[in-house]
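The values are calculated or read from the model by the stated rules, or taken from the named source; none is laboratory data. Note that the coordinates shown come from a computational prediction; the quantities given were computed from them, not determined experimentally. Cβ placement follows ideal geometry from the backbone for every residue including glycine, while neighbour counts extend to all protein chains displayed.
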Amino acid sequence: MKKKLTFAAALLAASVLGGMANAKQLVYCSEASPAGFDPSPWSGGNDFDASSRTIYSRLVEFEHGKTTITPGLAESWTVSDDGLEYTFKLRPGVKFQTTDYFTPTRDLNADDVIFSFERQWKKESPWYDYLAGTGWEYFAGMGFPDLLKEIVKVDDLTVKFVLNKPEVAFLPDLGMDFASIVSKEYADQLDKADTRQQFTQKPIGTGPFQFVDYQVDAVIRYAAWDGYFGGRQKIDDLIFAITTDPAVRAQKLKAGECDIMSYPAPADIAGLQADPNLKVDEQEGLNIGYMAYNTTQSPFDKVEVRKALNMAVNKQAILDAVYQGAGQAAINPIPPTMWSYNKDIKDDPYDPDAAKKMLADAGVTDLSMKIWAMPVSRPYNPNAQRIAELIQADYAKIGVKAEIVSYEWTEYRERGKQKDRDGAFQLGWTGDNGDPDNFLFLLGCDAIGQSNYAIWCNQEFEGLLQKGKATTDVAERTKIYEEAQAVFKREAPWLTIAHSKVFMPMNKKVSGFVMDPLGIHRFDGVDVTE
Amino acid sequence: MLRYLLHKLALIIPTVFGISLAAFAFVRLLPGDPILALAGERGVSPERYAELVERFGYNRPYVIQYLEYIGRVLTGDFGISIATKRPVLGEFQALFPATLELATIALIIAVLIGIPAGIFAAVKRGSWFDQATMGVALTGYSMPIFWWGLLLIIFFSGYLGWTPVSGRIGLQYFFKPTTGFMLIDSLISGKSGAFRSAASHLILPAIVLATIPLAVIARQTRSAMLEVLGEDYVRTARAKGLAPRRVIGLHAFRNALIPVVTTIGLQVGTLMAGAILTETIFSWPGIGKWMIDAIGKRDYVVVQSGLLIIALIVMAVNLIVDVLYAVINPRIRVQ
């Protein structure tokens, strides 16, 4: 009998070890260390990749690879006629992850949903300030403190959000990372043990992967969560190998040290495409690179001057020299992949002679101005200094003298907001939630002093923006936003430069990876063939 | 000896305060703002900004901020990172072993190659070996670390496939760190192949980090040896018929050692500075990469406390070197 037991134990051990040896592993070369694993306090894409998109789930989710909303932890929802009440029916039987540091005793319920939002909202919550100086920037940035009136538990599996005003982007907002649902039971356990900090170091969620280990600045390890309500993942282990330099990430991918990498350097893309073991997926980015005139300062307060300056710029030369084929000329303030994009609008033609004449007709001679160049590379603008130099040369052709200025990144953005700022300011935007309002708000009157660097407040545009926010019918909203884009193009507060492409190089053995228009990296549904 | 040690310690105290003040001022002189950096491109409303400035205490006079900071440091509290909300000392302790391991191996490489190369170049002064060694040393000293590191990665990891590209150990090896030193932890883990993997991951970053100290040590050893080899007592030793190896090893090298030891001590600072770039290239999770990230995020707390801790370590090493002088050369004690 003893021998039989020993044999059985040996067999079990062998099968477990064998299973370990055959465990499917996906290594992702990520670009930066996460600040923490709480999905809500931070705002970096790398933070979201490491926390919210792997470990957590939300009430609603963006359809994989799209920006349409699908059920998540909420299996259904209703919206009141006045658009002020959203009632969500939670999916029953959703399990929080069981780890060596937490064993849940109950399934997800309305208490978890309420806690997830109130900790970011109510200053009296002990969790509001559990991380010293936490800003809950996304919650505040999306206007939730003013938008939310109350969150009511109707029953264990029903929760109602009551708003102060109608907000059509409320559902997409709930699909964003900061709106991830955390475990109240786990928080209570840490409260009792007076170890609240652990909440961001050892996370618990309901997502496809559970946290295993983090070696600071080096490696994050996850395992597939067996109890995931969306079904167990095909890969067993997910590993983030943090590699900050893009050239080194590319070398690691080529050497087989990782299976997939983020943000390749433009110069490395051709080499990666040529590698027989690799494939490079690409997608139009949900972004825009622009240059905003200060429309409150003379002569940029005149539409014809702004139009003339737009017509002086050779966008194709910028696309060739800076984006190197990884971008397309931008016409509207929203990308072409977004719903409500107005295809009928034509771009201002590149015509230096006509531009020169328009300036003369507007009474502008010997114009000297500044072109602001960002000090950092961004997906929507990989090299602002080079773009500034090209525009400077184009302006010289129409007799405009331009001086290029740049400052440290946070200083740059602060100076750009000043109402007496001189000249044209380069910046850009990457969408958060796939709603057109998430781009057009950049030009709203309320955004002056914050994200409206054109300092442009046009009542016709603003009226359409507000109308769009209060309209629930998508067809109706589409018309409103198409009209808003026409007003934008007519008034030209920006030079729309480009929408860039995003590349995702990976080993050919990786399948099922879907590029996300919102720029996040999701590994649910990914498989690796040996 | 005790008096000598106390004298050196007395010099360290004002230096520490000077460095803490410099670090505190340096990070605030940099353009940029930690709260805006934290908020990202979405920005932050003026009201929220004012609230956060108040919470972090950045609206108070600099003198008060400094005095509070130094008061906390004296009680062992180096503050909490603005970006990650983790204690700075905890982050430092988690990351420092990686830097120390890399720097130690780099220093060993630099000493083991630099000193013999310098001695040989001095003994064979003017020979092709001397010329070649000093030429290579000058090249190594002038080489930008970032470029050199990438070049080695592309050639040895990418083209030849001999070494891993980056990291500290193969991802198949997963064990909880015991000491933080991967070479030791991999041995303790008992996992087959782990030590070899850890060692292979060390090769390229250690070579890159060792390059400049190696060049400096080789050049310093050569010039110190040349000076000593011309001394009367060396000539006397030779005239007495001592074997050349004994003359060089015992009489010349021992006396040339003081400036060489000084140089090696000073290389600790160079290694810390070099680690910043080396760790960034090789994704080496040490304090160099940590500091670079903190400067980028204008994380005042990490930068000022991190610089202070690093300075304390460099000063401690230099104190040890000073004590070593006194051991090597009793005249220094007397002076």
message = Among the residues of segment A:363-378, are any within 14 Å of chain B (Cβ to nearest Cβ), crowded, with 16+ Cβ neighbours inside 10 Å and in contact (Cβ under 8 Å) with a residue 40 or more places away in the chain?
response = yes
key: Single match in B:Ser20, B:Ser45 (criterion: within 24 Å of the chain's Cα centre (by Cα) and either among the hydroxyl-bearing types (Ser, Thr, Tyr) or under 26 Å from A:Glu137 (Cα atoms) (or both))   = B:Ser20
request  = Can you confirm whether segment B:215-233 contains a residue that is of a type outside the set (S, T, N, Q), crowded, with 19+ Cβ neighbours inside 10 Å, within 20 Å of the chain's Cα centre (by Cα) and within 30 Å of B:Arg72 (Cα to Cα)?
outcome  = no
inquiry  = Just checking, does segment B:28-41 include any residue being modelled with pLDDT of 85 or more, within 28 Å of the chain's Cα centre (by Cα) and within 16 Å of B:Ile295 (Cα to Cα)?
reply    = yes
remark   = The correct count of residues that are modelled with pLDDT of 90 or more and either within 12 Å of B:Pro97 (Cα to Cα) or more than 10 Å from chain A (Cβ to nearest Cβ) (or both) in segment B:271-290 is 5
key: Residue check, B:Gly118 surrounded by fewer than 14 Cβ atoms within 10 Å (Cβ to Cβ) and more than 13 Å from chain A (Cβ to nearest Cβ)   = no
key: Members of segment A:338-369 that are on the phi > 0 side of the Ramachandran plot and polar (S, T, N, Q)   = A:Ser340
request  = Please work out which residue is farthest from the other protein chains (Cβ to nearest Cβ), limiting yourself to segment B:31-79 and to residues that are among the hydroxyl-bearing types (Ser, Thr, Tyr) and under 21 Å from A:Glu411 (Cβ atoms).
outcome  = B:Tyr62
message = I need a count of the residues in segment A:437-457 that are closer than 17 Å to A:Val168 by Cβ and assigned to a loop (DSSP other than H, G, I, E, B).
response = 1
query = Is it fair to say A:Tyr214 is crowded, with 23+ Cβ neighbours inside 10 Å and either within 14 Å of another protein chain (Cβ to nearest Cβ) or over 30 Å from A:Ala267 (Cα atoms) (or both)?
reply = no
query = How about segment A:396-430: which of its residues are closer than 25 Å to A:Ala360 by Cβ and assigned to a loop (DSSP other than H, G, I, E, B)?
reply = A:Ile398, A:Gly399, A:Val400, A:Asp422, A:Gly423
note = Restricted to segment A:249-277 and to residues being more than 13 Å from chain B (Cβ to nearest Cβ) and surrounded by 16 or more Cβ atoms within 10 Å (Cβ to Cβ), the residue farthest from A:Ser500 (Cα to Cα) is A:Ile260
query = Of the residues in segment B:80-100, how many are of a type outside the set (S, T, N, Q), under 23 Å from the mean Cα position of the chain (by Cα) and within 14 Å of chain A (Cβ to nearest Cβ)?
reply = 11
request  = Counting only residues that are under 14 Å from the mean Cα position of the chain (by Cα), give me the helices (runs of 4 or more DSSP H) lying completely in segment B:246-335 with at least 2 of them.
outcome  = B:253-281, B:287-296, B:300-328
inquiry  = Condition (residue is closer than 27 Å to A:Pro436 by Cα, in contact with a Phe, Trp or Tyr (Cβ under 9 Å, 6 or more places away or on another chain) and either within 14 Å of chain B (Cβ to nearest Cβ) or not aliphatic (A, V, I, L, M) (or both)) applied to segment A:98-113: is it met by at least one residue?
reply    = no
message = Quick check on A:Thr295: is it within 23 Å of A:Ser451 (Cβ to Cβ) and either assigned to a helix (DSSP H, G or I) or modelled with pLDDT of 95 or more (or both)?
response = yes
